[in-house]
Amino acid sequence: MLEVKLLTGWSYILTIDTIVFLGFLLSCLCAFYFKRESSIKISSSLYAASYGFSYFRNELAQTGNSFMALDAYYLNWVLYDAVTIFSIYILHSILKVQHSKSVVLVFCLSFINMLSYLAMHYLAFVHRYESHWFYLVYSSTVNVTASMMIFILLFGFKYRWLLKCIPNYR
């Protein structure tokens, strides 16, 4: 009898995390190889480092170690995204580099992820729901926004109609 095993549970999440980390690493390497603007280089490097660090931390947490992790799982992701955005902002300020519109859009997508993480924390740790309709929305939102962030850092953002929604950031 042939048994087909689908990617479910932690194996699916770890696979998606690996793909997202490799995508950010690829965007970082492409930014330097194709000599993109400094703002994209800074942002893609810090996002790759952030996702690499969080991936490493999750691997340690799976083995039972606690390395720079809060007890609340989803607050770790909020913390990582907030530190990443703050680091990118500070590095841009120190180097006097203007944020590109692509980076501002990536910030907005990170903010959407942060709101999703906070909602999941509220449902999972405050109300202790084991299942909720938002869990599917959360996993879809986080994966789609991470993929969009990688795409934007890799290829830039050239859609004029959405750029009009983002004010000039100076």
Checklist entry - Ignoring ligands and nucleic acids, what accessible area does residue 127 show with a 1.4 Å probe (Å², nearest 10)? => result 80 Å²
Item to check | residue 75 accessible area, 1.4 Å probe, all protein chains in place, Å² to nearest 10 | outcome: 50 Å²
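Rounded to the nearest 0.05, what FRET efficiency do residue 35 and residue 140 have when you use their Cβ-Cβ distance and R0 = 41 Å?
Working: r = 35 Å, r/R0 = 0.85.
Approximately 0.75, to the nearest 0.05.
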Checklist outcome for this item: Sorted by accessible surface (1.4 Å probe, heavy atoms of the protein chains only), largest first, 114, 149 come out as 114, 149
Item to check | Residue-normalised accessible area of segment 113-157, given per residue in Å² at a 1.4 Å probe | outcome: 57 Å²
Checklist outcome for this item: Probe 1.4 Å, all chains present, heavy atoms only: residue 101 accessible area in Å², nearest 10, is 80 Å²
Checklist entry - If you stretched the chain out fully between residue 26 and residue 133, how much longer would it get, using 0.36 nm times the residue separation minus the C-alpha to C-alpha distance? => result 35.2 nm
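The values are calculated or read from the model by the stated rules, or taken from the named source; none is laboratory data. As the structure is a computational prediction, the values presented were derived from the model and not from experiment. So basically every Cβ, Gly included, is an ideal-geometry build from the backbone, and we count neighbours across all protein chains shown. Ligands, DNA and RNA are stripped out before the accessible areas are found, and what is left, the full protein with its side chains, is counted by its heavy atoms. Shrake-Rupley method; radii C 1.70, N 1.55, O 1.52, S 1.80 Å.
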